[in-house]
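Novice: Just dropping this structure here.
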Amino acid sequence: MALHSTWVVLMLVLSLHGQVQTGKIIGGRPAVPHSRPYMVLLEREMWKNETKYCDGFLISDEFVLTAAHCEARIYYVYLGLHKFINDQTPKGITVRRAIPHVDFNKITRYNDLMLLQLSEKVNFTENVRPINLASRSDHLPQRCIVSGWGFTSEDNQNLASELMEVNLTLAKDTSCLEPHAFFSLGEIGPSFGDSGGPLVCEGEVAYGVVSVQTGKIFGGRKAVPHSRPYMVLLEIKTLQETTIFCDGFLISDEFVVTAAHCQARIYNVYVGLHKFKNDQTPKAIQVSQAIPHEGFNEKPLLNDLMLLQLSEKVNFTEHVRPINLASRSDHLPQRCLVSGWGFSEEYPDDMASELREVNVTLVNHTLPAERHVYSSLGESRPSRGDSGGPLVCECEVAYGVVSGGTKIFTLYTKIPDYLGWIEGHMKKK
């Protein structure tokens with residue numbers, strides 16, 4: 001359990017329209033032993049024999065509620081726990097059937113909800129008991145708490161040895177446009193490692209499932225270190241054997257989005273960076289497949305979008321985490337920001353030595369709809385070397401990809417118009 005400022009999306013469990021994600025309890029405290037008898041720890045064996053964890057909660061004598069992105073090959077369900085010690089905890093109950101929401105979207109995390117039917121019915125005791133689900137959706141619940149066994153160090157190697165919990169306050173926010181969602185704001189809350197746990201409010205009723213945790217947005221030129229964990233620096237060697245740089249952003253554990261005009265012969269992908277120094281930068285990840293949009297046209301820039309499939313999957317940590325992609329294209333997003341390591345007035349002849357960011361305001365433009373772009377005006381804008389970075393708006397969702405422009409305006413490839421293309425190529429892997 002650590003401390004940093006986040007927006008957390010806590011999806012409704014009403015009528016099973018919910019969402020989820022794992023992380024630490026930030027700014028939390030140890031729970032009173034067995035005071036949360038509905039809490040469940042899920043040990044998950046993945047398809048490549050990795051072991052991962054999520055939280056969940058008991059809602060009957062044979063059903064557990066958790067997040068759809070917590071899907072796995074095999075589940076072991078631990079009930080009645082307070083302390084968790086790997087070599088002393090008995091093997092959990094197995095799962096007969098996993099039922100992820102039929103409309104779960106791995107990229108946007110919409111409908112991120114899953115029921116697990118246990119292989120045997122559990123006996124209720126003082127330490128094992130289900131929680132009631134909320135039935136009202138017409139008000140903002142008060143006096144809320146989240147609990148979990150999330151990781152307790154930045155390297156995310158060890159679960160908390162005992163159940164942790166934290167109080168949080170829900171906030172009204174209509175700009176994020178996430179369906180069926182509650183939000184909390186502040187320096188306390190769940191983070192990477194507490195997926196699937198319940199949002200419990202108003203007399204021990206489950207109102208939500210911990211879902212999407214997003215980063216901080218600050219004004220100014222220098223980004224808060226590691227506040228943009230989805231950012232990727234691309235060192236690319238062109239066909240002419242010159243080395244140039246682009247930005248990109250992580251959307252899963254093996255895919256990066258960038259601009260198609262960043263095509264190259266060789267790519268070196270750096271994740272988890274804040275400062276960039278040639279002689280101190282960690283080892284790069286290679287690219288197994290570059291997938292530029294088949295309709296890409298350099299003059300004018302059309303369909304300026306490319307997927308990079310990494311040669312190895314990345315491990316998510318506090319400093320390395322994907323960003324959700326926007327799915328709505330029927331409105332002009334507000335409160336937008338662009339970040340990158342590109343050239344600036346302070347660094348006119350070289351890449352910035354640390355990640356920088358700038359707020360931008362999108363404007364309605366007269367370009368034809370088939371250009372599939374957003375545009376911003378003014379001197380506050382991305383610069384040379386920032387191509388391929390994300391246009392991030394409204395509660396840390398990627399709406400665009402930095403493409404090109406002039407001294408007057410900047411163009412961003414409009415992600416909602418290409419969501420089907422992105423999802424289709426990710427499924428072909």
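The values are calculated or read from the model by the stated rules, or taken from the named source; none is laboratory data. On a predicted model such as this, the values are computed, not experimentally measured, just so you know. Don't worry about glycine lacking a Cβ; one is built from the backbone with ideal geometry, like all the others, and counts go over all protein chains shown.
Novice: Could you identify the single residue in E241, E298 that is in contact with a His (Cβ under 8 Å, 6 or more places away or on another chain), of a type in the set (D, E) and modelled with pLDDT under 95?
Specialist: Sole residue among the options that is in contact with a His (Cβ under 8 Å, 6 or more places away or on another chain), of a type in the set (D, E) and modelled with pLDDT under 95: E298.
Novice: May I ask you to list pairs of residues, at least six apart or on different chains, whose Cβ atoms are under 7 Å apart, with the first in region 60-72 being under 13 Å from R96 (Cα atoms) and the second being in a loop (DSSP other than H, G, I, E, B) and not hydroxyl-bearing (S, T, Y)?
Specialist: Sorted first by the residue in region 60-72, then by its partner, the pairs are E62/K121; A72/M46.
Novice: For region 395-419, which positions are touching a strand residue (DSSP E or B) at 6+ places or on another chain (Cβ under 8 Å), under 20 Å from H293 (Cα atoms) and aromatic (F, W, Y)?
Specialist: Result: Y399, Y412.
Novice: Related question: Identify, by number, the condition in (1) over 23 Å from I145 (Cα atoms); (2) at pLDDT 95 or above that F57 doesn't meet.
Specialist: (1)
Novice: Name the residue that is farthest from G56 (Cα to Cα), counting only residues in region 140-161 that are modelled with pLDDT of 70 or more, among the polar types (S, T, N, Q) and surrounded by fewer than 22 Cβ atoms within 10 Å (Cβ to Cβ).
Specialist: Restricting to residues being modelled with pLDDT of 70 or more, among the polar types (S, T, N, Q) and surrounded by fewer than 22 Cβ atoms within 10 Å (Cβ to Cβ), the top hit is Q142.
Novice: State the number of residues belonging to region 162-184 that are out of contact with any Lys or Arg (no Cβ under 6 Å at 6 or more places or on another chain) and at pLDDT 60 or above.
Specialist: Residues that pass the stated criteria total 15.
Novice: Name, by its number, the condition in (1) assigned to a loop (DSSP other than H, G, I, E, B); (2) at pLDDT below 85; (3) of a type in the set (A, V, I, L, M); (4) crowded, with 17+ Cβ neighbours inside 10 Å that does not hold for V320.
Specialist: Only one criterion is unmet by V320, namely (2).
Novice: Out of all the residues in region 109-138, which are under 15 Å from Y38 (Cα atoms), of a type in the set (S, T, Y) and crowded, with 18+ Cβ neighbours inside 10 Å?
Specialist: Of everything in region 109-138, nothing turns out to be under 15 Å from Y38 (Cα atoms), of a type in the set (S, T, Y) and crowded, with 18+ Cβ neighbours inside 10 Å.
Novice: Continuing with the same structure: Does region 225-243 include one or more residues that are surrounded by fewer than 18 Cβ atoms within 10 Å (Cβ to Cβ) and either on the phi > 0 side of the Ramachandran plot or in the same structural domain as H69 (by TED's automatic domain parsing) (or both)?
Specialist: yes
Novice: Just checking, does region 288-308 include any residue being out of contact with any helix residue (DSSP H, G or I) (no Cβ under 8 Å at 6 or more places or on another chain), of a type in the set (S, T, Y), on the phi < 0 side of the Ramachandran plot and part of a strand (DSSP E or B)?
Specialist: The answer is yes; a qualifying residue exists.
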